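For reference, the structure discussed in these notes is given below.
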Amino acid sequence: MILFLVESFTKAKTISKYLGKDYLVRATGGHIKDLPEDKLGVDLETLNPTFLWKKGKKKLFDELKKSSLKAQLVLLGTDPDREGEAISYFLWEELRKVINIPIRRVYFYEITKPALQKAIKEQTNINMNLVKAQFARRVLDRLIGYLLSPELQKSLKTRGLSVGRVQSPALRLIVEREREIQSFKKKKFYYIKVVFEGFSAYLGVRFEKPENAKPYLEKLKDVFFEVKEVQEWEEMVPPPKPFNTPELQKTANEKLGFSVEKTTKLAQLLYEEGYITYPRTDAHRMSPEKAVEFLQWIEKNYGVEYVGKLRKFKEKAHVQSAHECIRPTSLVK
């Protein structure tokens with residue numbers, strides 16, 4: 001038997017549909033360890049963190065441990081990001097104390113049978129750089145929030161205020177932008193608009209005061225206007241880029257009125273149930289194989305005249321190329 005561990009119960013249920021009877025798929029319900037809730041948990045000299053069992057997770061892990069004793073192989077299939085890597089690391093760290101079988105990491109970006117089969121075939125080791133990145137983020141969160149929040153509350157004599165690694169710089173940017181808006185002095189300009197039957201035109205001059213336009217208006221009173229040229233053209237407008245996380249959140253807000261939190265929650269659920277690819281990505285890149293499948297579907301359902309070409313997007317330097325755009329896993333579900 002192969003024990004396949006993930007962090008989400010929904011994800012475990014979906015994966016179970018695709019893996020055979022030789023696999024036992026179980027979930028951790030998120031992180032199993034974290035910094036302590038009632039103290040700093042970080043050595044201020046070395047910055048080494050102390051991670052403890054989260055409430056209820058030791059009991060859950062003991063059940064997973066029993067299953068691992070019957071397995072020939074353990075596969076860690078948590079999300080392919082820093083948080084997922086940290087969950088896999090703590091599972092690996094605890095399981096290797098009690099079992100002497102391979103514990104391997106698998107990466108997949110959509111929950112489909114081919115993607116899972118490919119991930120299992122290409123099983124590998126835990127990426128310790130990602131684990132350390134998650135530890136660093138967690139330590140920074142704790143140091144900034146735990147040490148500075150009380151000072152802020154004391155300074156402003158207000159309880160419940162907090163300082164955050166991300167929220168505080170973001171708040172400063174918002175405040176600075178708001179100050180720029182408030183200090184901006186509006187300036188009104190005036191234009192001359194000529195209204196004809198069926199269309200209108202503006203004179204290409206703007207005026208700071210209405211009286212400055214009067215000389216022009218006097219000249220235009222008895223002027224004969226002539227349409228010298230009419231131009232018509234077709235414009236090719238490319239379709240929008242495939243979604244990445246920020247653009248999905250922005251569009252869901254504009255079109256559906258969804259908050260970022262609601263969009264994130266729904267996208268994660270769609271991923272875990274196997275309908276879309278991994279929803280936390282900054283890339284527009286699409287799998288060429290999947291793009292060809294989509295183009296063939298368009299041709300079959302709408303005609304060859306609607307089939308475009310697979311576009312290549314120039315991604316920014318920080319974009320993680322391992323992650324695709326957010327797309328449907330299939331067009332037949």
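General remarks:
- Per-selection Kirkwood Rh - the chain (Cα, Å, 1 d.p.): 25.4
- Rg over Rh [alpha-carbon atoms, Kirkwood Rh] for the stretch 2-133: 0.98
- Based on Cα contacts under 8 Å between residues 6+ apart, the chain shows a relative contact order of 13 percent.
- With the highest mean first, a sort of the peptides 229-242, 190-203, 57-70 on other beta-carbon atoms found within 10 angstrom per residue produces 57-70, 190-203, 229-242.
- Separation between Cα centres of the stretch 197-269 and the stretch 133-187, rounded to whole Å: 36
- Antiparallel bridges, percent of DSSP beta bridges restricted to the stretch 2-133 (to nearest 5): 25
- Exceeding the 29 Å Cα-Cα cut-off - candidates Lys11/Lys58; Lys33/Lys265; Lys58/Lys154; Lys39/Lys316; Lys113/Lys265; Lys187/Lys314: Lys58/Lys154; Lys39/Lys316; Lys187/Lys314
- Relative contact order of the stretch 210-309, pairs being alpha-carbon contacts under 8 Å that are 6 or more residues apart, as %: 20
Throughout, read-outs are computed from the coordinates displayed, never taken from laboratory work. Since we're looking at a predicted model, the values are computed, not measured. With ideal geometry, Cβ positions are generated from the backbone for all residues, glycine too; neighbour counts draw on all protein chains shown.
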